[in-house]
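The values are calculated or read from the model by the stated rules, or taken from the named source; none is laboratory data. Being a predicted model, the structure only gives us computed values, none of them experimental. Cβ sites come from the backbone with ideal geometry, for glycine too, and all protein chains shown count toward neighbours. Accessible surface is based on the protein model in full, side chains and every heavy atom, while ligands, DNA and RNA are left aside. Shrake-Rupley method; radii C 1.70, N 1.55, O 1.52, S 1.80 Å.
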Amino acid sequence: MNKFDWKKYVMVFFLTLGIFGLSFLLSNYFNGKKLDSLENIYQKIATNILSTETKFSLLRFASCDDIVSDTTFDNELTQELGDMAKRVKYMESQLGANNQSVVLIKTQYTLLQIKDYLLVRELASRCKEKTSVVLYFHELNCKDCSRQSLVLDDISSRYPKVRVYWLDRGLETPAMQTMASMFNIKETPS
């Protein structure tokens, strides 16, 4: 009778091992698919960043008449930045805020926002256009940032003419340090 019980335990062990192995393979398969999807998002964001940077360069040389009469440029840039923000948030939720790819994309996105802010200021000054801008400085471990973020999401969706820039204060780039210094940002949210 002991031999029979032993065989039963061995069979249960191998059956459990097989189920575990199958679960492991399926998990790896689906994680691979998720990573492929995130890599596609990464590539789209990188392409959008390059495209938007090129657009910024072109707009620097455009005449005020072209820019003011073409209201689509403002809506397109705002929409592009909004789409990139959603993709960055998605990548952050899937891979974590400290993932190297996420930090790289957030840094590129933040630099793009700073470039957009500078372009908007330059065009507003040069073309005497009124603009509404919100510079929102936040950090990863900020307690009130998520509540502030909800309010600013609502404002940006209700008022497309208001440009909201989501600047991650935790990114250690010279541009971010300069922006924080220029606006005397000591804590977040600001």
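Rolling a 1.4 Å sphere over the protein heavy atoms, what is the accessible area per residue of the chain, to the nearest Å²? If you can, show how the numbers build up before the last one.
Details: 12720 Å² over 190 residues.
I get 67 Å² per residue for the chain.
Going by accessible area, probe 1.4 Å, with all protein chains left in place, what is the ranking of Tyr29, Tyr9, Tyr136, largest first? Don't jump to the answer; show the numbers that get you there.
Numbers: Tyr29 125, Tyr9 155, Tyr136 10 Å².
So, going from the largest accessible area down, we get Tyr9, Tyr29, Tyr136.
For segment 92-141, what does the equivalent ellipsoid look like in terms of its semi-axes, each the square root of 5 times an eigenvalue of the Cα gyration tensor, given largest first in whole Å?
Details: eigenvalues 180, 26, 9 Å².
The three semi-axes for segment 92-141 are 30, 11, 7 Å.
Shape call for segment 115-190 from the C-alpha gyration tensor, a ≥ b ≥ c root eigenvalues: rounded (a/c under 1.5), prolate (a/b greater than b/c) or oblate?
Since a/c reaches 1.5 but b/c is at least a/b, the shape of segment 115-190 is classed as oblate.
Using Cα centres only, tell me the gap between segment 147-175 and segment 95-134 in whole Å.
9
Report the calculated FRET efficiency for Ser23 and Tyr159 (r = Cβ-Cβ distance, R0 = 45 Å), to the nearest 0.05. Kindly include the intermediate steps, with their values, before the conclusion.
Working: r = 49 Å, r/R0 = 1.08.
E between Ser23 and Tyr159, to the nearest 0.05, is 0.40.
When the chain is fully extended, how far beyond the present Cα-Cα distance does Leu140 get from Thr107, taking 0.36 nm per residue of separation?
Values: separation 33, 0.36 × 33 = 11.88 nm, distance 1.35 nm.
Extending this stretch completely gives an extra 10.5 nm.
Could you tell me the largest-minus-smallest coordinate of the C-alpha atoms of the chain on each of the three principal axes, in descending order and whole angstroms?
Extents along the principal axes, in whole Å: 94, 34, 32.
Taking the radius of gyration and the Kirkwood hydrodynamic radius from Cα positions alone, what is the Rg/Rh ratio for segment 147-190, to two decimal places?
Details: Rg = 12.1 Å, Rh = 11.7 Å.
Computed over Cα atoms, the ratio is 1.03.
Give me the angle, in degrees from 0 to 90, between the Cα long axis of helix 145-158 and the longest principal axis of the Cα atoms of the chain, rounded to the nearest 10.
Compared with the principal axis, the helix lies near 60 degrees.
Once the whole set of protein chains is in place, how much accessible area is left on Phe13, using a 1.4 Å probe, in Å² to the nearest 10?
Around 120 Å² of this residue is reachable by solvent.
What is the chain's relative contact order, in percent, from Cα pairs under 8 angstrom and six or more apart in sequence? Before the final figure, lay out the partial values.
Working: 130 pairs, mean separation 37.4, N = 190.
That works out to 20 percent.
Calculate what fraction, in whole %, of the accessible area of segment 87-190 sits on carbon and sulfur atoms when a 1.4 Å probe is rolled over the protein chains. Provide the component values of the computation, followed by the final result.
Values: 3130 of 6160 Å².
Accessible surface attributable to carbon and sulfur in segment 87-190 totals 51 percent.
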